[in-house]
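Input: one structure, supplied below.
Only the coordinates and a few stated rules stand behind these numbers; no lab work does. Note that the coordinates shown come from a computational prediction; the quantities given were computed from them, not determined experimentally. Neighbour counts are summed over all protein chains in view; Cβ atoms, including those assigned to glycine, are modelled from backbone coordinates with ideal geometry.
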Amino acid sequence: MKAYRLRRELNGIEEPPGKTWFWELQAGVIDADRCIRCGTCIAACPSNSIGIGEDTDLPELVKMCTGCSLCWDFCPRGGLRYEALWPPSTVGGETAEGGPSVEGAVVRSDASDSYWKITGGPPGDGLGAVMDSYAVRAGSRPGCAQDGGVVTALLIAALAGGEIDGALVTRPSEVPDEPWKGVAHLATTAEEITDAAGSYYNQTMALAELDLSGYDLPDKPRIAVVGTPCEIQGIRAMQSRRWPTGAHRIDSVVLTIALLCTKSFDYKGLMLQLLAEDRSIDIARVSKVDVIRGRMIVEYRDGEVAVDEAIKNFHGAALKGCDECADFLGRSADLSVGSVGSMDGWSSVLVRSERGRRALDNARGRLDLRELDDPEALVRLDTFDKRIALDSLHRAFDPDAPLFIEYAEHLAGYEGTDRAPVVPDR
């Protein structure tokens with residue numbers, strides 16, 4: 001039902017054809033508790049009509065909606081088919097154009113390619129389009145850095161080398177009653193990048209921060225973005241399908257780094273309720289929060305481990321929209337970085353584009369690199385993530401409906417074969 005029906009009821013004017021309004025995004029995604037707080041809808045709006053609610057941290061209309069449909073079209077939980085943003089992998093040891101290939105190299109981006117699907121490539125190809133993969137750690141890293149401190153080193157090297165003018169990162173909130181809440185910030189100095197080291201497990205509406213008017217930048221700035229796979233999906237979609245943009249400078253993004261991610265959390269639900277209230281954790285003393293090997297680890301500044309529990313104990317605070325995501329590996333990014341597949345103190349790095357390779361090469365003097373310790377661990381968790389997404393669809397749709405069957409085939413990677421998709425039991 002169209003949310004714009006109110007105008008029709010009031011004055012009898014028929015709704016213009018081909019319109020999709022923010023209220024439809026609100027009804028289908030935000031009010032339905034499916035919003036993943038990536039900020040794509042805000043960045044996509046050409047009239048700057050969408051902002052962030054002060055009380056909810058969710059998108060809300062701040063001035064008249066024009067019905068352009070872009071907020072819906074680019075939303076990873078709305079109209080965006082995010083698998084269409086993932087480049088096809090190589091086939092049979094050759095590029096799609098017939099030449100020799102680096103294993104997994106990206107050779108073209110063509111949505112008509114027969115291998116273009118939600119698995120990122122042919123069934124069972126695992127990591128998708130990957131040019132190189134390494135276990136990496138920074139030679140010098142701040143104490144608050146996550147895993148190998150790789151992202152911090154990459155960004156500082158890119159800034160020092162003149163490749164970027166700033167990096168969109170997450171830093172701690174300066175609001176006193178929001179301890180350990182991450183907020184989006186454009187870091188323009190090495191010191192700011194270092195201060196943002198470490199991970200925060202709440203989403204930040206990051207792409208809303210691509211309104212660069214409040215920063216001192218060149219006329220044509222070059223920005224790196226560090227974000228979750230869904231945030232990178234939004235960027236890649238908007239860059240691939242241009243439109244008259246509003247205040248948000250999507251065109252300025254020249255490097256994307258996806259953090260491997262299965263879930264993000266609601267800040268109040270995780271930090272204030274499950275940790276501070278239910279477990280009596282002194283959030284002000286916390287120095288690090290990590291999710292590794294299926295466990296939530298919280299450490300105090302004196303080295304004491306305050307929490308070491310199975311991550312499933314905290315799923316009540318996870319964003320429900322994360323269940324629908326089948327992109328744990330950040331397939332549309334230039335670089336994918338995370339702890340899975342590497343030893344403690346190291347990060348797994350998947351190089352997915354020439355831009356990603358150049359960023360890594362620029363930082364080699366700051367990094368130790370070697371082969372991944374356990375690449376199959378990445379495949380296993382990616383497969384599990386897809387099963388969660390499939391189960392979420394199973395609950396949302398009639399399993400006998402054509403739409404569900406189509407999605408099941410995509411998620412299971414069986415499209416074009418004679419095997420039936422694996423559908424989990426209710």
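Between rounded, prolate and oblate, where does the range 132-383 land on the alpha carbon gyration tensor, with a ≥ b ≥ c its root eigenvalues, rounded for a/c under 1.5, else prolate if a/b exceeds b/c?
Cα axes put the range 132-383 in the rounded bin.
Describe numerically, in nm with one decimal, the distance between label points set 7 Å from Cα along Cα→Cβ at T66 and at R293.
Modelled inter-label distance: 5.3 nm.
F265's amide H: which non-local residues (gap 5+, or another chain) put their own amide H closer than 5 Å, with H modeled 1.01 Å from N in plane and none for Pro or chain starts?
Residues meeting the amide H criterion: N202, Q203, L319.
Something else: Take the Cβ-Cβ distance between R241 and N48 as r, set R0 to 30 Å, and report the resulting FRET efficiency rounded to the nearest 0.05.
It comes out at approximately 0.95.
Using DSSP to call loops (not H, G, I, E or B), can you name the GluC sites (Glu not before Pro) in the range 171-237 whose Cβ has at most 15 other Cβ atoms within 10 angstrom?
E174
For H248, what is the net charge nearby, where nearby means another residue's Cβ is under 12 Å from its Cβ and Lys, Arg count +1, Asp, Glu -1? Don't skip to the end; give the middle numbers.
Working: positive: R249; negative: E209, D211, D251.
Value of the local net charge: -2.
For E376 and Q273, compute 0.36 nm times the residue count separating them, minus their Cα-Cα distance, and round to one decimal in nm.
Here the segment from E376 to Q273 would lengthen by 33.6 nm.
How far is it, in nm, from the label point at V175 to the one at A190 when both lie 7 Å from their Cα along the line to the Cβ?
With each label point 7 Å from Cα toward Cβ, the separation is 3.4 nm.
How much length is gained on full extension from H315 to R301, taking 0.36 nm per residue of separation minus their Cα-Cα distance?
Gain on stretching H315 to R301: 2.5 nm.
Contour minus end-to-end for S140 and L369, with contour as 0.36 nm per residue of separation and end-to-end as the Cα-Cα distance?
Roughly 81.1 nm would be gained on extension.
A further question follows. Could you grab the relative contact order for the range 153-295? Cα pairs under 8 Å, six or more apart, rounded to a whole percent.
Normalised by residue count, the contact order of the range 153-295 is 25 percent.
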